[in-house]
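Enquirer: There's a structure below that I have some questions on.
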Amino acid sequence: MIKIIFGVLLFCGVIFSANAQEVEVPAEQPVDEVSETQDTNPEETVSEQPQQEEPAEEVVYVDAEVFSPSFMKSLIGCKPDSESNQENTIEIIGIKDQRCQIKYANFDLNVPPSLLGNIHSFEDVETLLKNKDIAHYNYRADYIYEGLVYALDACLNKKEYFGKQEELSDEYVTINRGLSSEFINGVCVISLQNTQNIEGVDSDLRVTCKLPYKEVKNLEPYFKDIVAKYGEKRGFGSDGHIMVKPAEYNKKTNEGDIALMYYMQKNGFCRKNTE
């Protein structure tokens, strides 16, 4: 009986041992392997990381170069006074025709009293230079009429003429001046160009003189001899090529230009552009 029980127990132990060897317990994965095989969303990972704030841009405030209190007081009342910086001088002349007369950098300014309280600095004054109703460029030698004798001679021959052209400029203004003429429908049209660009704003101040052909014929004795002596000469050289001698500009031609310009203005042939 004891042998039978012992045999049964021995048989059960063998079965238990065999089953124990067949059961595999999964080993714990290393941390490195988990991180490599784990299915993660890159976007979620980034969003979880704290975002670094970009440094704010540094703002530097520069104080405007304002007028002194005493000059501001004079300006509000439009009382004669002046003030200068390193580049320019502003001068208050006084009230005229219900406007404050101010001089600044070759400009004459006629400022309405209602605007005086808005002017605090040289920068404010320069802004007013763009306003044609307020600022007028004080340039005396406005027009070129050098070569007028040649312009009239061209009209006499019913041709065009393009004379001297020049550009003048300073810190604020660019001026283009010149003289030209053309013969249109029996009329000699002489243009004294004068275009001013002030701070990007154009002003056309040309003067146009219109003379009927009959009037040009009447003026011929005043420029005929000058043109014959000093005007452009064309001929043929010894080699057969055309030779051109440019027109001369001298004291005699200048005297003729001045006399003819005076005559045309006095007799109402010239008009200034008002646009």
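The values are calculated or read from the model by the stated rules, or taken from the named source; none is laboratory data. The structure presented is a predicted model; accordingly, all values stated were derived computationally and were not measured. Counting neighbours? That spans all protein chains shown, and the Cβs are built from the backbone with ideal geometry, glycine included. Areas reflect the complete protein model, heavy atoms only, side chains present, ligands, DNA and RNA absent. Shrake-Rupley method; radii C 1.70, N 1.55, O 1.52, S 1.80 Å.
Enquirer: What number goes with the only condition from (1) surrounded by 13 or more Cβ atoms within 10 Å (Cβ to Cβ); (2) modelled with pLDDT of 95 or more that Pro80 does not pass?
Expert: Among (1) surrounded by 13 or more Cβ atoms within 10 Å (Cβ to Cβ); (2) modelled with pLDDT of 95 or more, the lone unmet condition for Pro80 is (1).
Enquirer: Also, I was wondering about something else. Consider Asp81 carefully, then state whether it is over 28 Å from the mean Cα position of the chain (by Cα) and either over 30 Å from Asp257 (Cα atoms) or touching a residue at least 40 places away in the same chain (Cβ under 8 Å) (or both).
Expert: yes
Enquirer: Against the definition (of a type in the set (Asp, Glu), outside any strand (DSSP E or B), at negative phi and open to solvent by 20 Å² or more (accessible area, probe 1.4 Å)), how does Glu215 come out, yes or no?
Expert: yes
Enquirer: Could you list all residues from region 199-212 that are open to solvent by less than 70 Å² (accessible area, probe 1.4 Å) and assigned to a strand (DSSP E or B)?
Expert: Hits for region 199-212 are Val201, Ser203, Asp204, Val207, Thr208, Cys209, Leu211, Pro212.
Enquirer: Which of the residues that make up region 89-109 are under 17 Å from Ile198 (Cα atoms), over 21 Å from the mean Cα position of the chain (by Cα) and surrounded by 16 or more Cβ atoms within 10 Å (Cβ to Cβ)?
Expert: Matches in region 89-109: Leu109 only.
Residue by residue, here is whether (1) touching a residue at least 40 places away in the same chain (Cβ under 8 Å); (2) closer than 24 Å to Lys252 by Cβ; (3) open to solvent by less than 40 Å² (accessible area, probe 1.4 Å); (4) part of a loop (DSSP other than H, G, I, E, B) holds:
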residue	(1), (2), (3), (4)
Glu123	yes, no, no, no
Tyr143	yes, yes, no, yes
Leu152	yes, yes, yes, no
Leu179	no, yes, yes, no
Leu192	yes, yes, yes, no
Asn197	no, no, no, no
